[in-house]
Amino acid sequence: MKRIIPFVFALLLLSLPIMALAQNYSYKYEGDITPDQSAQQERVRALVISFFSIYIVTGIMICVWVYKDAEARAIEDAATAMWIILVIFTWIIGLLVYIAVRPSGNLVSCQECGKKRLSAIAKCPHCGR
Ligand SMILES: [Zn+2]
């Protein structure tokens, strides 16, 4: 679980420029707008911020899920990192692509360590038995 933390930070860092853009958008025309337009812009800004909050929260959840699923299916670390990056940029589309191309098979609980593993593979990716 500790190894997921860098991915979470990467996602948060990625969200910062988006937040900055959302801020600039509403301040750009501040000089020559009526109070009505100002209220309108506030609503748009609130909408944009809530949209990106949902995007970030669900994005983190998808990243954690893909990471755990990839580990259980013994996908190599480099490939897992690639999937995480793809999910950060494409969100649910990356998740759907991952589900379509990942090694198929049922996940079962390992008899040695209790963590999820693909039933078809010989060695448990968590404990190596
Ligand atoms: Zn195990």
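Each reported figure results from applying straightforward, stated rules to the coordinates on display, with no laboratory input. Source: prediction; values computed, not measured. Because the Cβ atoms are built from the backbone with ideal geometry, glycine has one as well, and the counts that use them run over all protein chains shown.
What the table shows:
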| item | result |
| --- | --- |
| Nonlocal amide H pairs with K116, under 5 Å, H built at 1.01 Å | C110 |
| Mean Cβ count within 10 Å, highest first, over the residues of peptides 39-46, 89-96 | 89-96, 39-46 |
